[in-house]
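Asker: What follows is a structure written as structure tokens; I'll ask about it next.
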Amino acid sequence: MWSWIPGNASLIWQLTWENLKLGVLPALYGLVISLPLGIIAARWRWFYPPVLTVVNILYAVPSLALFVALIPKFGLTDTTVIIALTVFSLCVILPNVVAGLRGVPPAVTQAATAMGYGQLRRLAFVELPLAVPVIIAGLRVGVVSSISLASVGQLIGVSSLGYLFIDGLQRSFPTEIYVGIAGVIVLALVCDLILVAVRRSLTPWLART
Amino acid sequence: MITFEAVTKRYPDGTVAVDCLDLEVPAGQTVVLVGPSGCGKTTSLRMINRLVEPSAGTIRLDGTDIRTRNPAQLRRGIGYVIQQTGLFPHRTVEDNIATVPVLTGWPRKKARERARELLTLVGLGQELARRYPHQLSGGQQQRVGVARALAADPPVLLMDEPFSAVDPIVRASLQDQLLSLQAELHKAIVLVTHDIEEAIKVGDLVALFRPHGTLAQLAPPEELLAAPADDYVAGFVGFDRGIRRLSFVRASGLALGTGPVLPADATVAKALAAGEPWILITDPRAGTPRGWADAAKLTALPGDAPLGRAAAEPLGHTFTVGTDSLRAALDAAVLSPAGQAVGVDDDGRVLGVATFDRLRAAIQAADKSAGQAGAVDGQAGSRP
């Protein structure tokens, strides 16, 4: 029964690639939206609680329900899945952007100001670099959860490794199910390790952990 | 020069942090703002680089109202050192120090070269240049903080409790270093501390604040100790101000006796003939002190034996006549087994010894001159 794998290698690769896209793009979009929101929220404290409430409500919506809600506008396409997953990534990344920026020691920001940094330069050269570890921690959760949630997209016909376990279930063919699950886990793990490497290269000042 | 003209800081909730403060920080001098917490000393400091804006009054830097200056530009010309160092954790030591030069547009290479000069200036080795702040000890971090503040050679240096977070030994060495840096660089330094000892040690002028931001007294440290303006100041400077004040009186005025001083090759008989209860044995060639010998115990030795054979008790410590204070001399006497302070010259040669009687005479003479100064200031300070 393992001979199914080499016979379907090209299908597995294609699904893996699509799953990767559906996992990584939403996390990146989520990061791109979270950064400005997070910067504003860290700067003007009143802004954060309402935004956080909206974000948490969105996060509570079941993924399938969100897909269904988006279908009338975007159809049974990648776009629908990517938008939905972007919302979920945003929900996990935004709090980390805010926490990362707020976690910069006040003495450091005060010293930066006192040395003659303007607000933008301080943000770009002091606060954001120091927030990198916490932001990337959020990005890791965003990427991993998007990769795994992408399989749900299969239910509306957007292909991913999810195809393998749905097809395998319908045909009562366990090998295909195992390959699908293992594929998702390996993909998530690889992406996570890449992000750890990125974090390390961006934060040479942190002791290796 | 920094000038405060009737500067007040009132917060929206009505709290007055600084109340109509007039203060002048002359170029090249260290002015220490000291007082209990909540007395407005840190607020006053932060108004100089516009981290806090005054509610009323004017602060001038070399005659220019600082409100007319762009804050970021103003701050690049004012060094700033804080207790928690505020070093950038993500930058190496050299890049931390190079911060302001880079901000003002120096090429990075030149800025790093400057950073390395400053490392030496603050007494740190070049090998630390590439380390990150968390790899340094607290004292080293604080030195890097001082180096960073000095990097662009600003004429003004603000220091907010710079040495409060380190242990007493490191603190003393950082204070000594600040004194020697200042002797070389002649900045206008404003230093905030809650530690009156620190204020007295590093200040050319001490501004003692009352709670709620008014000045209790502005005076050189020796005057603050000799002639406190009122009970509040006297209480703040502490009950032992009488002894601490002696730090400002040179020991060179002390009359030294040489009666008990004898070289180790003199005979025991000669030592006993001196009629002193204790004999200070010195090195016959170098003239340096070896120790005190109890005359009562010398009688056990034959009269023609050299003094070097006598058991000598350790000195405690000596004081250097040309440079040390009367306080150091008094301390030397207290710690000496003979109850006498040993005065040496710069090469460590014994010049003579001072008994408590001689010390008391010197202290009384100092009191007399301080008393005259105090009478004048007492009138100025007795204003309600």
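Quick note: the coordinates plus some simple rules give every number you see, no bench work behind them. Worth saying up front: this structure is predicted, and the values here are computed from it rather than measured. Ideal geometry is used to build each Cβ from the backbone, glycine not excepted, and the neighbour counts take in all protein chains shown.
Asker: Given the stretch B:255-380, report the % of alpha carbon pairs whose separation exceeds 19 Å. Don't skip to the end; give the middle numbers.
Answerer: Working: 3939 of 7875 pairs.
That tail contains 50 percent of the Cα-Cα pairs.
Asker: Rank the residues A:Ile5, A:Ile57 as a footprinting-exposure proxy: fewest other Cβ atoms within 10 Å of their Cβ go first.
Answerer: On the way: A:Ile5 13, A:Ile57 10.
Least crowded to most crowded, the residues run A:Ile57, A:Ile5.
Asker: Between A:Gly157, A:Gly142, A:Gly116, where does the largest GNM mean-square fluctuation fall for chain A, given springs only between Cα atoms within less than 10 Å?
Answerer: A:Gly116
Asker: Could you work out [θ]222 nm for chain B from helices alone, using -39500 (n - 2.57) per DSSP H run of at least four and dividing by all its residues? Round to the nearest 500 deg cm²/dmol. Before the final figure, lay out each step's value.
Answerer: Working: 15 runs with 139 residues, N = 384.
That comes out to -10500 deg cm²/dmol.
Asker: Moving on to the next point. Antiparallel versus total DSSP beta bridges in chain B: what percent is that, nearest 5? Walk me through the numbers before you get to the answer.
Answerer: On the way: 31 of 55 bridges.
So the antiparallel bridges in chain B amount to around 55 percent.
Asker: Could you estimate the translational diffusion coefficient of the stretch B:133-223 from the Stokes-Einstein equation, with Rh from the Kirkwood formula over C-alpha pairs, at 20 °C and 1.002 mPa s, in whole µm²/s? Don't skip to the answer; put the middle values down first.
Answerer: Working: Rh = 14.1 Å.
For these conditions, the coefficient is 152 µm²/s.
Asker: Then there is this: Going out from 0 in 5 Å bins, what whole percent of all Cα-Cα distances in the stretch B:182-287 drops into each bin?
Answerer: Computed distribution, short to long bins: 2, 10, 16, 14, 10, 8, 6, 8, 8, 9, 6, 3, 1, 0.
Asker: If you don't mind, there's one more thing I want to ask. For B:Trp278, list long-range residues whose amide hydrogen, built 1.01 Å from N in the peptide plane, is under 5 Å from its own amide hydrogen.
Answerer: Sorted by chain and number, the residues that satisfy this are B:Ala295.
Asker: How far is helix B:138-150 tilted off the main Cα axis of chain B, in degrees rounded to 10, range 0 to 90?
Answerer: 60 degrees
Asker: Related question: Which listed residue (B:Ala255, B:Pro107, B:Ala266) has the Cα farthest towards the positive end of the charge dipole for chain B, taking +1 on Lys and Arg C-beta and -1 on Asp and Glu C-beta about the Cα centre?
Answerer: Final value for the positive-end residue is B:Pro107.
Asker: Quote the FRET efficiency, to the nearest 0.05, computed for B:Arg360 versus B:Glu117 with a Förster distance R0 of 51 Å and r equal to the Cβ-Cβ distance. Working shown, then result.
Answerer: On the way: r = 49 Å, r/R0 = 0.96.
The pair B:Arg360/B:Glu117 has a calculated efficiency of 0.55.
Asker: Could you tell me the relative contact order of chain B? Use alpha-carbon pairs under 8 Å, at least six residues apart, and round to a whole percent. Spell out each step's value before the answer.
Answerer: Values: 777 pairs, mean separation 58.9, N = 384.
Averaging sequence separation for qualifying contacts and normalising by length gives 15 percent for chain B.
Asker: What list of ³J(HN,Hα) couplings, whole Hz, do you get for the stretch A:147-163 from phi and the Karplus terms 6.51, -1.76, 1.60, once you set θ to phi - 60° and write x for glycine and proline?
Answerer: Couplings: 4, 6, 6, 4, 4, 5, x, 4, 5, 9, x, 8, 7, 6, 4, x, 3 Hz.
Asker: Go through B:Ser180, A:Gly118, B:Thr42 and say which Cα lies farthest out towards the positive end of the charge dipole of the protein assembly as shown; charges sit on Cβ, +1 for Lys and Arg, -1 for Asp and Glu.
Answerer: The one lying farthest along the dipole's positive direction is A:Gly118.
Asker: Also: Kindly provide the helix-only [θ] at 222 nm of chain A, computed as the sum of -39,500 (n - 2.57) over DSSP H runs of four or more divided by all residues, to the nearest 500 deg cm²/dmol? Working shown, then result.
Answerer: Working: 10 runs with 163 residues, N = 209.
Per the formula, -26000 deg cm²/dmol.
Asker: Taking neighbour counts of Cβ atoms within 10 Å as a proxy for exposure, in what order, fewest first, do B:Asp304, B:Asp176 appear?
Answerer: On the way: B:Asp304 9, B:Asp176 13.
So the residues, fewest neighbours to most, are B:Asp304, B:Asp176.
Asker: Here's a follow-up. Rounded to the nearest 20 debye, what is the charge dipole size of chain B about its Cα centre when +1 sits on each Lys and Arg Cβ and -1 on each Asp and Glu Cβ? Don't skip to the answer; put the middle values down first.
Answerer: Numbers: 40 positive and 42 negative charges, 256 e Å.
Computed charge dipole of chain B: roughly 1220 debye.
Asker: Stretch B:Asp167-B:Lys109 to full length: gain in nm at 0.36 nm per residue minus the Cα-Cα span? Spell out each step's value before the answer.
Answerer: Numbers: separation 58, 0.36 × 58 = 20.88 nm, distance 3.52 nm.
Taking 0.36 nm per residue and subtracting the Cα distance, the gain is 17.4 nm.
Asker: Also, quick follow-up: Among DSSP beta bridges lying fully in the protein assembly as shown, give the percent that are antiparallel, nearest 5.
Answerer: Details: 31 of 55 bridges.
If we restrict to bridges inside the protein assembly as shown, about 55 percent are antiparallel.
Asker: Above 17 Å lies some portion of the pair distances; for the stretch B:244-319, what is it as a whole percent of all C-alpha pairs?
Answerer: Values: 1317 of 2850 pairs.
Of the Cα pairs, 46 percent sit more than 17 Å apart.
Asker: Sticking with this structure for a sec: For all pairs of alpha-carbon atoms in the stretch A:125-209, what percent lies in each bin of width 5 Å, listed from the first bin to the last filled one?
Answerer: Over the stretch A:125-209, the share of Cα pairs per 5 Å bin runs 3, 14, 19, 17, 13, 10, 9, 7, 5, 2, 1, 0 percent.
Asker: To continue, here is another question. Please build a GNM for chain B, connecting alpha carbons under 10 Å apart, and tell me which residue among B:Val268, B:Val81, B:Val249 fluctuates the most.
Answerer: Largest GNM mean-square fluctuation: B:Val268.
Asker: What nm value, rounded to one decimal, do you get for the distance between B:Thr299 and A:Arg45 when each label is placed 7 Å out toward the C-beta?
Answerer: It works out to 8.1 nm between the two label points.
Asker: Just for the Cα atoms in the stretch B:1-107, what are the lengths along the principal axes, largest first, rounded to whole Å?
Answerer: 43, 30, 29
Asker: List the lysines whose Cα sits under 16 Å from the Cα of B:Lys270, skipping any in the same chain fewer than 8 residues away.
Answerer: In chain and number order, the partners are B:Lys297.
Asker: Further question on the same structure: To the nearest 10 degrees, how steep is helix B:326-335 against the longest Cα principal axis of chain B, on a 0 to 90 scale?
Answerer: For helix B:326-335, the angle is close to 50 degrees.
Asker: Something else about it: Taking springs between alpha-carbon atoms closer than 10 angstrom, which of B:Thr214, B:Thr30, B:Thr355 fluctuates most in the Gaussian network model of chain B?
Answerer: Per the Cα network of chain B with a 10 Å cutoff, B:Thr355 tops the list.
Asker: Near B:Lys109, which aspartates and glutamates are there with a Cα under 19 Å away, not counting those fewer than 8 places off in the same chain?
Answerer: Of all the aspartates and glutamates, those that pass the test against B:Lys109 - Cα under 19 Å, at least 8 places apart if same chain - are B:Glu94, B:Asp95, B:Glu117, B:Glu127, B:Asp153.
Asker: Over the alpha-carbon set of the stretch B:65-154, work out the extent along each principal axis and list the three values in angstrom, largest first.
Answerer: 41, 29, 23
Asker: Do me a favour and compute the ellipsoid semi-axes for the stretch A:50-97 from its Cα gyration tensor, root of five times each eigenvalue, largest one first, whole Å. Please report the intermediate quantities before stating the final value.
Answerer: Numbers: eigenvalues 90, 24, 11 Å².
They are 21, 11, 7 Å, listed largest first.
Asker: Please list, by residue number, everything in the stretch A:1-26 whose backbone N is under 17 Å from a paramagnetic label point 7 Å out along Cα→Cβ of A:Thr175.
Answerer: Within reach of a label on A:Thr175: A:1-13.
Asker: Here is a further query. Output the peptides B:326-337, A:172-183, B:149-160, B:232-243 sorted from most to least packed, where packing is the average of other Cβ atoms within 10 Å over each peptide's residues. Walk me through the intermediate numbers first.
Answerer: On the way: B:326-337: 20.0, A:172-183: 17.0, B:149-160: 21.9, B:232-243: 15.2.
So the order, starting with the most tightly packed, is B:149-160, B:326-337, A:172-183, B:232-243.
Asker: Which three extents, in angstrom, do the Cα atoms of the protein assembly as shown have along their principal axes, listed largest first?
Answerer: Dimensions of the protein assembly as shown along the principal axes of its Cα atoms: 120, 65, 41 Å.
Asker: When you have a sec, figure out the Kirkwood radius of the stretch B:212-258 from all distinct Cα pair distances and drop it here in Å to one decimal?
Answerer: Working: mean 1/r = 0.0819 Å⁻¹.
For the stretch B:212-258, inverting the mean 1/r across all distinct Cα pairs yields 12.2 Å.
Asker: Where the convex hull is taken over the Cα atoms of chain B, what is its projected area averaged over directions, in nm²?
Answerer: On the way: hull surface 93.1 nm².
Projected over every direction and averaged, the Cα hull of chain B covers 23.3 nm².
Asker: Still on this structure: Between A:Leu52 and B:Cys20, what FRET efficiency comes out of the Förster formula 1/(1 + (r/R0)^6) with R0 = 30 Å and r the beta carbon distance, rounded to 0.05? Numbers along the way, then the final one.
Answerer: Values: r = 45 Å, r/R0 = 1.49.
The value I calculate is 0.10.
Asker: For the stretch B:135-253, give the share of DSSP beta bridges that are antiparallel, in percent and rounded to the nearest 5; count only bridges with both residues there. Provide the component values of the computation, followed by the final result.
Answerer: Numbers: 5 of 10 bridges.
Percent antiparallel among DSSP bridges in the stretch B:135-253 is about 50.
Asker: Using unit Cβ charges (K, R positive; D, E negative) and no other charged atoms, how large, in debye to the nearest 20, is the dipole of chain A about its Cα centre?
Answerer: Details: 12 positive and 6 negative charges, 158 e Å.
Roughly 760 debye for chain A.
Asker: Can you give the direction-averaged projected area of the convex hull of the alpha-carbon atoms in chain A, in nm²? Each step should come with its number before you reach the end.
Answerer: Working: hull surface 55.9 nm².
Averaged projected area of chain A's Cα convex hull equals 14.0 nm².
Asker: Provide Rg and Dmax in Å for the stretch B:73-220, with only Cα atoms included in the calculation.
Answerer: 15.5, 48
Asker: Name the residues of the stretch B:344-364 whose amide N is less than 19 Å from a point 7 angstrom out from the Cα of B:Val334 along the C-beta direction?
Answerer: Within reach of a label on B:Val334, which here means backbone N under 19 Å from a point 7 Å along Cα→Cβ, the stretch B:344-364 contributes B:354-364.
Asker: Choose one of B:Thr214, B:Leu246, B:Leu225: the residue whose Cα lies farthest towards the positive end of the charge dipole of the stretch B:208-255 (beta-carbon charges +1 Lys, Arg; -1 Asp, Glu; about the Cα centre).
Answerer: So the residue we want is B:Leu246.
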